[in-house]
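Every number here is computed from the coordinates shown, using simple stated rules; none is lab data. Computed from a predicted structure; not experimentally measured. Cβ: placed from backbone, ideal geometry, glycine included. Neighbour counts: every protein chain shown.
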Amino acid sequence: MKFSEFRNGMIIHHEPVVLGQEEMIAYAKQYDPQWFHTDVDKAEAGRWGGLIGSGWLTCSLAMRMAVQAALHDSESFGSPGVERIRWMLPVRPGDALRLEITVDSVRVSSSREDLGIVRWTWRMYNQRDEQVLEVEATSLFDLAQGQAS
């Protein structure tokens, strides 16, 4: 989507993606090697009653889905950060996760007319429509690039 297509209040959807156990373990071994993400047997006996995916994997998947649904052909060039990340429920192997993005605000910078700013909330749900993730983020758009294309 181009910056000019974003509207306050619009909702952007990405269809469900199923996370497999091997994918979850491989990610955790590389980036978040805590036993409840990597050791199936120990996780079964642990507090969560089974393996759970890393919250960072959930965030990474949300990012991929946001790119596929909205950012892949945009003038987006980065982000100054996120305001908040919340993991509401653990993600389990086999969960089908879908992303719903609400555009909270769209504006051109008051100090730079070539800078577009989108603030949005990303919510991820599992196959039972239980929310597992919420991210409040800001994305920056190069409006000069958009005029050149």
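Once you have the Cα-Cα distance between GLN127 and HIS72, take 0.36 nm times their residue separation minus that, and quote the gain in nm to one decimal.
Values: separation 55, 0.36 × 55 = 19.80 nm, distance 2.54 nm.
Residue separation times 0.36 nm, minus the Cα-Cα distance, leaves 17.3 nm.
Taking the 0 to 90 degree range and rounding to the nearest ten, how far is the long axis of helix 21-31 tilted relative to the main principal axis of the chain, both from C-alpha atoms?
70
Which value in deg cm²/dmol, rounded to the nearest 500, describes the helix-derived mean residue ellipticity at 222 nm for the chain, given -39,500 (n - 2.57) per DSSP H run of n ≥ 4 and division by the residue count?
Details: 5 runs with 39 residues, N = 149.
That calculation yields -7000 deg cm²/dmol at 222 nm.
Between the stretch 97-116 and the stretch 47-80, what is the C-alpha centre distance in whole Å?
Spelled out, the Cα-based centre of one part sits 17 Å from the other.
Please give the peptides 52-58, 24-30 ranked by average Cβ packing (other Cβ atoms within 10 Å per residue), highest first, as a rough proxy for protection.
52-58, 24-30
In nm, give the distance between the simple-model label positions of THR102 and GLN30, each being 7 Å from the Cα along the Cα-to-Cβ direction.
Reported label-point gap for THR102 and GLN30 is 3.3 nm.
Across 10 Å bins from the origin, how do the percents of Cα pairs in the chain run, short distances first?
11, 37, 28, 16, 6, 1
Given labels modelled 7 Å from the Cα in the Cβ direction, how far is it in nm from SER79 to GLU113?
Computed distance between label sites SER79 and GLU113 equals 3.0 nm.
If you split all Cα-Cα distances of the stretch 48-135 into 5 Å bins from zero, what percentages do you get per bin, shortest first?
Per 5 Å bin, starting at zero, the Cα-Cα P(r) for the stretch 48-135 comes out as 3, 12, 22, 24, 15, 11, 7, 4, 2, 1, 0 percent.
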